[in-house]
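Student: The structure that follows is given in the form of structure tokens.
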Amino acid sequence: FHCLVHHNQLVLGDSFRLKQILYNLLSNAVKFTESGMVSLWVKTLWEEGKNITVSFEIKDTGIGMTNEEIGRVFNHFEQANARVQKKYGGSGLGLSIVKELVELQNGLLSVDSEIGKGSCFTVHLTYEVADEVRQKATYPIAVSKEDFYKCVLVIDDDVCVRELCSVIFQRHHINHTFAYSLPDILKKADEYLIDLVLIDMRMPEINGVEVLRCLKNKMNSHVKFIAMTAYAFPDERASILFAGFDGILVKPFVETDLLKHVTKSHITPTITQLSTKHESPGGLANIIGDDKELYDKTFEIFSEQILIDLEELECALKKNDLDGISFSCHRLYSKLAQMGLNVPAKEILFAESCIKKNKICKLTISEYYGLKDSVVSALDKMKAFDLI
């Protein structure tokens, strides 16, 4: 490791995404280098005003690539060539993830390589120079307990969503409870003094609009209702609000998205869109924080549920069950995107969109197996991360 940046230089940036980028590039370099060395060089390219552009170079003495192979190495689900795929394995997803993460930060990614001599991957990222050390905030939104609703009922059959909501609500001392079957929902509505309800729009036994109608007839008129959905297509957004919801929380979400809806002054009939800067929430660490035990527990829950959803998607594909494929894709998308796995998440979203719009499934079984391998591989890599 060689660092040519001033050691006391502090910058503002996304440390989680940088870790993903370097982890993928270094692990690839080690994988394809049987002898020689792998090195990481960090250099300051230039400084202008409050901005500093940093270069990260990962050099290896591995197998190298031809110009033709370099041209397709960043395509997702592709290896440099069949020989590489057969000998070294892997899904061909790692470098496409790196490219996407670099571009999300307005950076540049390039590669120089020569067969038999090795490769050099270079990442250029621009950061803002920090004036002082910023302490990690325990509470990202400065509101008092009185600003939150007294008790929040979360209606969602997805254990991953319930776990994330629980982590955030406990951190901010927000009273909450969960339900996902109609008898349990009605029971909780009687037992708790609920003034805010978050409702998932697609559950196996009952949809969100049906739940809303049941509860509006049962609960006080001051109770607010927020719809939760894993990406609302344009035609669905208006119909959700027209059905009587007070707002929409789009999954995947970040902590501030959720807190905005459980703060009384922020409840308005508007849609919380996943903005460009939140296109990749950066995995669970951005929500969980530095609690490694909690991170490991939550990561295992997400991983297990993703594998279950993948198996259900496989079964639906083999039966050509369009409704089952659409439902499995809907569930998978939010989990993959919440984990920061944008590339497979977009593949899943495209498959669901085709079914919704054209009643056609464009995801073949062979493509599914490639997708599954890439997700499993990415989860294995993410599991190896240590929290900063």
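Student: Can you list residue pairs whose Cβ atoms sit under 7 Å apart, with the first residue in region 94-111 being in a strand (DSSP E or B) and the second being small (Gly, Ala, Ser) and buried (at least 16 other Cβ atoms within 10 Å of the Cβ)? Count only pairs 6 or more apart in sequence or on different chains.
Tutor: From region 94-111, the pairs are Val111/Ser119.
Student: Something else now. State the number of residues belonging to region 160-172 that are open to solvent by 10 Å² or more (accessible area, probe 1.4 Å) and in contact with a helix residue (DSSP H, G or I) (Cβ under 6 Å, 6 or more places away or on another chain).
Tutor: Residues meeting the conditions: 1.
Yes/no per residue for (1) closer than 20 Å to Met228 by Cα; (2) without any contact (Cβ under 8 Å) to a residue 12 or more places away in the chain; (3) touching a Lys or Arg at 6+ places or on another chain (Cβ under 7 Å):
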position	(1), (2), (3)
Leu284	yes, no, no
Gln305	yes, no, yes
Glu314	no, no, no
Lys319	no, yes, no
Ala337	yes, no, no
Ile348	yes, no, no
Tyr368	no, no, no
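Student: Within region 30-40, which residues are in contact (Cβ under 8 Å) with a residue 40 or more places away in the chain and open to solvent by 30 Å² or more (accessible area, probe 1.4 Å)?
Tutor: Across region 30-40, the qualifying residues are Lys31, Phe32, Gly36.
Student: Those residues that are in a loop (DSSP other than H, G, I, E, B) and open to solvent by 80 Å² or more (accessible area, probe 1.4 Å), I need them from region 289-324; list them, please.
Tutor: If the condition is that a residue be in a loop (DSSP other than H, G, I, E, B) and open to solvent by 80 Å² or more (accessible area, probe 1.4 Å), then Asp290, Asn320 are the ones that fit.
Student: Report yes if Ser239 is free of Cβ contacts under 8 Å to residues at least 12 places away in the same chain and under 23 Å from Ala351 (Cα atoms), otherwise no.
Tutor: So Ser239 fits the description; yes.
Student: Follow-up. Output the residue which, of all residues in region 68-97 that are surrounded by 14 or more Cβ atoms within 10 Å (Cβ to Cβ) and closer than 18 Å to Val38 by Cα, is modelled with the highest pLDDT.
Tutor: Residue satisfying both the conditions and the ranking: Leu95.
Student: Next question, about the same structure. Please indicate, with yes or no, whether at least one residue in region 193-206 is under 26 Å from Phe299 (Cβ atoms), open to solvent by less than 10 Å² (accessible area, probe 1.4 Å) and touching a residue at least 40 places away in the same chain (Cβ under 8 Å).
Tutor: Scanning region 193-206, I find at least one residue that is under 26 Å from Phe299 (Cβ atoms), open to solvent by less than 10 Å² (accessible area, probe 1.4 Å) and touching a residue at least 40 places away in the same chain (Cβ under 8 Å), so the answer is yes.
Student: Does Ser328 satisfy the condition of being part of a helix (DSSP H, G or I), open to solvent by 70 Å² or more (accessible area, probe 1.4 Å) and polar (S, T, N, Q)?
Tutor: Criteria not met by Ser328.
Student: If you check Ile185 against the conditions, is it on the phi < 0 side of the Ramachandran plot, in contact with a helix residue (DSSP H, G or I) (Cβ under 6 Å, 6 or more places away or on another chain) and either at pLDDT below 90 or not in a loop (DSSP other than H, G, I, E, B) (or both)?
Tutor: So Ile185 does not fit the description; no.
Student: Closer than 24 Å to Thr229 by Cβ, open to solvent by 30 Å² or more (accessible area, probe 1.4 Å) and out of contact with any strand residue (DSSP E or B) (no Cβ under 8 Å at 6 or more places or on another chain), is that true of Cys361?
Tutor: The answer is yes for Cys361.
Student: Next question. When you scan region 42-67, how many residues do you find that are under 17 Å from Lys117 (Cβ atoms), open to solvent by 50 Å² or more (accessible area, probe 1.4 Å) and touching a residue at least 40 places away in the same chain (Cβ under 8 Å)?
Tutor: 3
Student: Of all residues in region 321-335, count the ones that are free of Cβ contacts under 8 Å to residues at least 12 places away in the same chain and within 14 Å of Met203 (Cα to Cα).
Tutor: 1
The values are calculated or read from the model by the stated rules, or taken from the named source; none is laboratory data. Keep in mind that what you see is a predicted model, and the values were worked out from it rather than measured. Note that each Cβ is placed from the backbone with ideal geometry, even for glycine, and that neighbours are counted across all protein chains shown. Only protein heavy atoms, including side chains, enter the accessible area calculation; ligands, DNA and RNA are left aside. Shrake-Rupley method; radii C 1.70, N 1.55, O 1.52, S 1.80 Å.
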